[in-house]
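Comments concern the structure below.
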Amino acid sequence: TPVQIKEFGAINKIDFSPVPPYNYAVTASSRIHIYGRYSQEPIKTFSRFRDAAYCATYRDDGRLLTASSEDGSICLFDVSGKAPLRQFEGHTKPVHVVGFLSDKYRIFSGGDDYSSSLWDIPSATEIISYSEHTDYVRCGCASKVNADVFITGSYDHTVKLFDARAKSSVMTIEHGHPVESVLLFPSGGLLVSAGGRYVKVWDVLKGGQLLVSLKNHHKTVTCLCLNSSGQRLLSGSLDRHVKIYSTTSYKVVHSFNYATSILSLALSPEDETIVVGMTNGVLNVKHRKPEEKIENSQKKRQPAYRPYVKGRTYMPKQEDFCVSKPVKRVLRKYDKLLRSFQSSKALDAVLEPPIMLHTPEVTVAVMQELHRRGTLRSALAGRDEKQVNILLTFVARRVIEPRFTPVLVTVADMITDIYQPVVGQSAIVDKQFLKLQQAIGKEIDYQEELLEVLGMMDTLFATFTKKRDTTLEENKSNGVTEIIETDANY
């Protein structure tokens, strides 16, 4: 059951600490609250802001926190303290985006004065400022691979990639709508931008090539988030939905529905907690169910040993009436395919090596059934080199067996007729055709030799019959009648 926490105003940012115990900072109104994973009351509060606070973000070591405000100032806090350690002044209008570069000693920011700046933490001075956007800068992120690279998104419909070593942006991407959120994959090669109803994925290494454009929301997409493994992408929108996409197919695999419009979204580093901030100031916290309880409940449902073996050795008496449990008949794969009239797939199923080698009668029986239905020719047609090779190997090996010969001769005739136009194009298929020809040629030679042997045996049997008749006549002429039995098959 989700936990609902009421804040003082609309929640514009949620950020999890990257180190245990994975507390999270919630920015709403003029305060920043730090919550524990299971706490419903803030365990710490930063409230020394003269006006609205924005974008409280943790550093990679979880020890420092930076946030911006409506008056254009940027504050740096120690998580264990209360007063700001540093304050950066330079923006002339509200600053909505602030974050750490991956070297931990610099901060980037973007404000409503259309500028993006880079700040040095030890000296609290501005390193460089870029004024390339033509509208409010409302989102940004830093590369985890390169400590000099950060990205900003603006309401001028563009996403710009900056390198601290260059005096201007190194890449500009046209999103097509006011950009509300940007996100870099951990590898640094893919960039995700959200604006309007669209979530777009770009390939940074190919100069900002558009890979996919997702339009699964009905209203403006306001926030993005990745899970720890990078296999799931989450997006929150004003349409009250959080969509979860697979990053392999970019299809929606799950969706959450909330009471009001969503402004911010965060997922814990262990993917155990999802926190959503809404426009009405409500913080919604959902926890994943512990897997241990599920395992214990499954173990409880399993039968004990004694009830399981009880009655197994009982011998029925003469007056007992035995009821046998009906045996469920499980159809084989080829039977199911035959029932659904999938002739070609049924033939493929019985041409698999285990069936073809150990139970060839099953393969021949399916061929016979297909021939009876009149679909054998269509099942044999349209096959590639590998499949024809398997077919011809089976036919050449089994056609000489008397029990299979009537069916396989028909199959061989059809294969020859169908694939005659492509003879000579594949050395493998031609080789199998030659093997089939040799097998049939040898069988014809055997049949001819057998016919010659039968002819010789018929001559011998005729000779034995004449000798028997002569013996009977000699016995009659001597006046004594004797019956001499001779076996006609001797």
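The values are calculated or read from the model by the stated rules, or taken from the named source; none is laboratory data. Treat the numbers as computed from the prediction; the structure is a model and nothing was measured. Quick reminder, even Gly has a Cβ in these numbers, built from the backbone with ideal geometry, and neighbours come from all protein chains shown. The accessibility values were calculated without ligands, DNA or RNA, using every heavy atom of the protein model including side chains. Shrake-Rupley method; radii C 1.70, N 1.55, O 1.52, S 1.80 Å.
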Quiz item: If you take the residues of the range 363-412 that are part of a helix (DSSP H, G or I) and of a type in the set (S, T, N, Q), which of them is surrounded by the most Cβ atoms within 10 Å (Cβ to Cβ)?
Solution: Thr363
Quiz item: Yes or no: Gly424 in a loop (DSSP other than H, G, I, E, B), free of Cβ contacts under 8 Å to residues at least 24 places away in the same chain and out of contact with any Cys (no Cβ under 8 Å at 6 or more places or on another chain)?
Solution: yes
Practice problem: Using the structure shown, decide if Gly207 is at pLDDT below 95, under 31 Å from the mean Cα position of the chain (by Cα), assigned by the TED database to the domain that holds Tyr105 and buried (at least 24 other Cβ atoms within 10 Å of the Cβ). | Solution: no
Exercise. Restricting attention to strands (runs of 3 or more DSSP E) lying wholly within the range 6-63, give those where 3 or more residues are among the small types (Gly, Ala, Ser), in contact with a strand residue (DSSP E or B) (Cβ under 6 Å, 6 or more places away or on another chain) and at pLDDT 90 or above.
Key: none
Self-check item: Tally of residues being under 38 Å from the mean Cα position of the chain (by Cα) and either closer than 21 Å to Lys104 by Cβ or surrounded by fewer than 16 Cβ atoms within 10 Å (Cβ to Cβ) (or both) across the range 28-53
Solution: 5
Self-check item: Residue among Val182, Val170 that is in contact (Cβ under 8 Å) with a residue 40 or more places away in the chain and either over 26 Å from Val252 (Cα atoms) or hydrophobic (A, V, I, L, M, F, W, C) (or both)
Solution: Val182
Practice problem: Go through (1) within 23 Å of Asp348 (Cβ to Cβ); (2) assigned to a helix (DSSP H, G or I); (3) out of contact with any Phe, Trp or Tyr (no Cβ under 8 Å at 6 or more places or on another chain) one by one and return the number of the condition Asp445 breaks. | Solution: (1)
Self-check item: Residues (assigned to a strand (DSSP E or B) and acidic (Asp, Glu)) located in the range 153-186
Solution: Asp163, Glu174, Glu180
Self-check item: Considering residues of the range 54-68 that are small (Gly, Ala, Ser) and over 14 Å from Phe88 (Cα atoms) only, the residue nearest to the chain's Cα centre (by Cα)
Solution: Gly62
Self-check item: Asn280 open to solvent by less than 100 Å² (accessible area, probe 1.4 Å) and at pLDDT 90 or above
Solution: yes
